[in-house]
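Just below is one structure, and these are the notes that go with it.
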Amino acid sequence: MQFTRSQQKFLFLFSISAIYLALIVWLDFLNAPHYFDERSYWKTIVSFSDTLFPSLNDLRDYEQLTTPLIFIIFGFLENLFGQGIVAGRLFSMILSLAMVFMIGWPTKEKGGRGMLCLIGLFLCPYYLFLSGRIYTEMTACFWVVMGLMGYIRGRYFWSAIAFILAISTRQYMLAFPAAVATYEFIVALMGARQTGRIVWQDQWRWIAPLMAACSIFVWFYLFQGMVPQSGFEARGTPEVQQTTWGLDPGVAVCFLAFVGLYIVIPEFLLFQPLTKLRSLRQQWPQQTYRVAAIALGLLIFILVFPPPTYGAGNLVKLAKVMPHEVLRIGLYYSLALPACLRFIRPNLIGLIILFNTLIMMKAYPWDRYVLPLAVAFWYLKSEGVVDWFPIFSRQPEMDDKPGELSTAESS
């Protein structure tokens, strides 16, 4: 069934209004009791609300493991309005709605693609669940989307500012400007090799995101470590986070499984699955060895570095009830393999997946941490710069312009 642009906009506004009204009612008009991390977050917010602008000592010494921008913002709101947790939750919901419009609003260029991308985002249950809470995700995701928006529109300075704010909200957002900088540096290097000259004005495309990524060192210097010492002492941390260079490669497998569950499978089902199956069947003979090599490589990796038995989230809970270790590893493998196949090429989205996966080796295995990546993916997908299965694509490994990453698919 085809809808006119006016019908699409009406359907969008009606659906989003109904969803967010239900969300507000479910949260008792944003007055619901504090939920898990909201308890400790609110204590930190109150400590930041004593003054409008925090001191250096405030920034160095607070009982959390994440960078402090969200606590500064919510503390500022509490200082001005004194409305308790409601103001912070309302702020998070406004940012959530802003991203919904950036992804799903049916423009002439997007057509119905934006609505499908929005459905894909909502299939990640953490988006709506955290939209009305004072968790860090909504603010971090918003700045990531703004950074990507500035990047694909050629506003590199403002993109870098947004990425800096994202890192200031949550350290793991470092993956996004780092991936953009790496992608653009390789593009610039390939361009220089082909033309034999360097166009200096084009280098800002990788220098700006690199500068944004380097802002993480400001926080490391301020904390005299990777996190505030008070936060490290107050909150239990996994062993991998207790040393600077500690890494757990098994968590990378968990994260790829999260990507497979919350991004790859919804994308496959939402965007012409029958056409994709026919394409796979036609091109399979030429790609058998490549797929087999990726599958074997992942199998060896997961056997050498099995996913940890601890963690949190829906998939981790399912894995924990598996009666045998082989079944648990098989569950992670079956979801991680589609993610590897889907994002094997070193284009922009492939590098974003790679950098997020590498950083997650330093994190607690929790599928909630896939949310910023899911938001970024569906935003780029709605803008038409993500292809559906690049392992079978005939597009070049690297593209010349960020806006031409893969515009072959328009629906």
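Here are a few things to note about the model shown:
- Listed residues ASP61, ASP248, ASP202 arranged by accessible area, highest first, probe 1.4 Å: ASP61, ASP202, ASP248
- What the Cβ-Cβ distance of ARG5 and LEU97 gives, at R0 = 25 Å and to the nearest 0.05, is a FRET efficiency of 0.75.
- Accessible-area value, THR4, 1.4 Å probe, nucleic acids and ligands omitted, Å²: 70
- With Cα atoms as the point set, the radius of gyration and Dmax of region 1-103 evaluate to 17.6, 60 Å.
- Annotation: peptides 10-19, 68-77, ranked by per-residue average of other Cβ atoms within 10 Å with the highest first, follow the order 68-77, 10-19.
- Estimated [θ] at 222 nm from DSSP helical runs (n ≥ 4, -39500 (n - 2.57)) normalised by residues in the chain, nearest 500: -20000 deg cm²/dmol
- Using a cutoff of 8 angstrom between alpha carbon atoms and counting only pairs six or more residues apart, the relative contact order for region 172-258 works out to 24 percent.
- When each of the peptides 39-45, 337-343 is scored by the mean number of other C-beta atoms lying within 10 Å of its residues, the order from highest to lowest reads 337-343, 39-45.
- Separation in nanometres of the label points that stand 7 Å from Cα toward Cβ, at SER17 and ARG60: 5.3
- Degrees between helix 273-304 axis and first principal axis of the chain (Cα, 0 to 90, nearest 10): 60
- The chain, relative contact order in percent, only Cα pairs under 8 angstrom and at least six apart counted: 20
- Distance in nm between pseudo-label sites at PHE122 and ALA192 (7 Å out along the Cβ direction from Cα): 4.7
- Nearest 10 degrees, 0 to 90: helix 348-360 Cα axis against the chain principal axis: 50
- TRP26, TRP105, TRP284, TRP200, reordered so the largest accessible area comes first (probe 1.4 Å): TRP200, TRP26, TRP284, TRP105
- Label point at LEU274 placed 7 Å out along Cα→Cβ; residues across region 116-154 whose backbone nitrogen lies under 17 Å: none
- Inter-centroid distance (Cα atoms) of region 75-96 relative to region 261-300, Å: 44
- Exposure rank, largest accessible area first [SER279, SER382; 1.4 Å]: SER279, SER382
The values are calculated or read from the model by the stated rules, or taken from the named source; none is laboratory data. Quantities reported herein were computed from a predicted structural model and do not represent experimental measurements. Reconstructed Cβ throughout: ideal geometry from the backbone, glycine too, with neighbour counts over all protein chains shown. SASA here: full protein model, heavy atoms, side chains in, ligands and nucleic acids out. Shrake-Rupley method; radii C 1.70, N 1.55, O 1.52, S 1.80 Å.
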